[in-house]
Structure formats: C-alpha cells, structure tokens
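Here the structure is laid out as structure tokens; the discussion comes afterwards.
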Amino acid sequence: MPFASNPLRRFWATTPLLVAGIAAGTFFAMNSHSAETTSPRPQGSAPKPENLKLATFGNGCFWCTEAVFRELRGVYGVTSGYTGGSVANPTYQQVGMGVTGHAEAIQVEYDPKQIGYADLLEVFWKTHDPTTLNRQGADVGTQYRSAVFYHDQEQQALAEELKEKLDKSGAFNASIVTQIVPAAEFYPAEGYHQDYYAENPEQRYCQLVIVPKLEKFRKVFADKLRKDEPETTAEAPQPLPDELPPGTDFSKVDWKKLLTPEQYRVTELAGTERPFQNEFWNVTEDGEYRCVRCGQLLFESDSKFESGCGWPSFDVAAANGAVVLKPDNSLGMVRTEVRCSRCDAHLGHLFDDGPTETGQRFCINSASLKFKKEKQAAPK
Ligand SMILES: [Zn+2]
C-alpha cells in the first residue's frame, strides 16, 4: 500500500498463490496453516495475561504498521481493520474508495504492565509520517489519515501531551496533523489482510517509513518510557569471546557459555531480536560493528542508515568475504540469511530494497554485533 497508488491491484499482482487460494475457496485453511508455521513472534502462542488493554491507531497502510507493533514485547495481538467511519461492516474496497469515512487502522492488545501506552505512541509516531494530512507516501485519502483513537481519558491525555511536546521539539519538519479522537467501532479487515507483512515479506515496507529526528524524539519521551524493560540492552556489557586463543576451531566452541542468552539465541539458533528494543538500531556514532563471537569486522558505521525497521541496517558489508549469504526458506518465507564468514554466527537477513546505490539492506540483529567506537584522532 505505501508502494502503489492502487494497493489492491498491487496485492493481486504480487500474490498469485494467495489469489489462487482464495479463488479455490481454500484461503482460510491455507491462512490458518501458514499463521502457525510462519509466525516468528513468541507472544502469538504465549497465553494472554489478564487485563489487557486496547490501543487503536491509524497510521496509513495497515499491512505495514501491523508488522511493527506485532514485534513489541507486551503486545499480545494486533488486528488490522477499519474505524472512525459512518458505515457498518465496511469492505476493503469501500474503505479504499474513501467514501465511508473509515481510516485503515490497527488495534493493539497490550499488557500495560509490560509496555506502556507512551511506548506504543512512540512507535506509532516514529513509524509513519504524522505531518501529511490524509496521506502516507503514495497512499492518499482520508483512509490513510494519521489518528490516535483513544479508549480512555488517560490515553487521550498522554496522546495530547506527547503530540504537543513532539511538535515543539522540532522532531518533524512540519506540524503534526494526527487526529486524537475517541475510539469508535472497530471492524477487523478481511482475513487476507491480517498479518500481511509476515505472509508477504518481500513487501518493501521499511523503505518509505518516515523517520523523525531521533534525539529530539527521545527527549520528549525520556520520562515516559520504562528503562528496565529490554533484556537485550540490560545484558551489556558483552563478553569478548573473540579473545579466544589463536587457532581456535570456532565450530567446537561452547557458545552457550560465552554468550548472553540473547546473543546465543540469535547467533546460534538464528533467532530474531525485537525491533526498536535492541542495542544498536538507532546508534549513529562512528565506529566498527564487529562479530560478537569472533570479533571479525562486519560493518562500518559509514554504511549504516536509518531504515525505520528497528534493527541496525547497513547498505554494504565491511569487506568482501566478511559475511556469507545463504538462502533461508524457514518460516515459510524466502529470504537471504547473513552469517559471519569466520565463525558462522547468524547475523540477520539481506533485502534488496536499500535506499542507496547498492540497493542492499542488511538487516542485522544487535545481539550479533559489538560496537567499537572510532578512536579520537591524536592531537597534532
Ligand atoms: Zn564471527
């Protein structure tokens, strides 16, 4: 949807198998099967705690925004749908024509003990452009409006307060036009829209996400975000297994002993850490990103760019041969896995939608990396 003015046409064009499935009347069976096998999100299968709360956001194409929220710790469900309009049970086609008044929206079920509403607002405002009225990228129409649909006075107050602060901070180049309005009836979208991104990972959703000026953003949210939450950052400082004796056979090293549980899960078990809750996703300092296991230089800060995905992203590897690429057909997706050529640590995945001339986006887990700041130049 952020990639074509007629998202439906694109949808049909890019998912022939899915269409065939729908045509054959087998889609729902197919979908429930793939939901089981393609979901990398542990919270999907975890029992839901009691007293979950709802948050509802309109932030453009729900195919894209659903995926972002789904990855957050403390989020137990994300539903794509329509809200804020005048017609009951609208269809995607009706909403897409812009005549029902509905916004494409997502409804998030979250555990306020694990993730605060301010955290959700932060992700909401960071991952779409709240300064363009009724428009997200190429998607134009009131159905793509930026909106917070609050469920109680606390949510309303927090949203208004942070919107005002963000506006004053200059985190965006223009005023924020996000509507803050009471939540209305929410209509879940048709089944083929749910979990769209996980089902269709080739969609280039990261590329067009507009990212605000992050330091200003963080100042606004500084006192609203809990600090004790992400275990990946709490695990730093990291051990230095690259100081293993020369000639060590990396295939025989007991990584479990040398790494934190998160580093082990990512590098050895090819796990994926949470976006926006990892150590290096928004680090902009100059320096080198080395393999957390063997210390090999993998990426330089010059190649790092803000992709909006919530993981460190690079447009090129540090040197030929630093990383090896392998086809990865796990989780029902066709992706290219990136590994360290020296110790075979799993690092992340490579996508071909990078914004620079290389066209590459190395989407790398922070847990696979350690960062060495560039040394200050010696005074002359
Ligand atoms: Zn390595």
Residues whose built amide H sits under 5 Å from the amide H of Gln360, excluding neighbours closer than 5 in sequence, are Gly354
Close lysine pairs (the range 232-373; alpha-carbon distance under 27 Å; 8 or more apart or on separate chains) counted at 17
Stretched fully, the stretch from Val283 through Gln179 gains (0.36 nm per residue minus C-alpha distance, one decimal, in nm) 34.4 nm
dims of the range 102-151, Cα set, principal axes, largest to smallest, nearest Å -> 36, 21, 14
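Pulled fully out, how much extra length does the chain show between Ala222 and Gln93, if you take 0.36 nm times their separation in residues and subtract their Cα-Cα distance? Please report the intermediate quantities before stating the final value.
Numbers: separation 129, 0.36 × 129 = 46.44 nm, distance 4.08 nm.
Using 0.36 nm per residue and subtracting the Cα-Cα distance, I get 42.4 nm.
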Here the tail fraction of P(r) beyond 19 Å, over all Cα-Cα pairs of the range 296-380, rounds in percent to 38
Between Asn320 and Val253, the FRET efficiency computed from the C-beta separation at R0 = 25 Å comes out, to the nearest 0.05, as 0.50
Taking every other residue with Cβ under 10 Å from the Cβ of Gly58 and scoring Lys and Arg +1, Asp and Glu -1, one gets 0
Computed over the Cα atoms of the range 232-373, the Rg and Dmax in Å are 14.0, 41
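Rank by packing, highest mean first: peptides 261-273, 159-171, 361-373, with packing defined as the count of other Cβ atoms within 10 Å averaged across residues.
Numbers: 261-273: 19.4, 159-171: 17.5, 361-373: 23.8.
Descending mean neighbour count gives 361-373, 261-273, 159-171.
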Distance in Å, no decimals, from the C-alpha centre of the range 320-363 to the one of the range 258-296 is 14
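Any read-out appearing in this document is the output of simple, stated calculations on the displayed coordinates, not a laboratory observation. This one's a predicted model, so the numbers in the text were calculated from it and none came from an experiment. We place every Cβ from the backbone using ideal geometry, glycine too, and count neighbours over all the protein chains shown.
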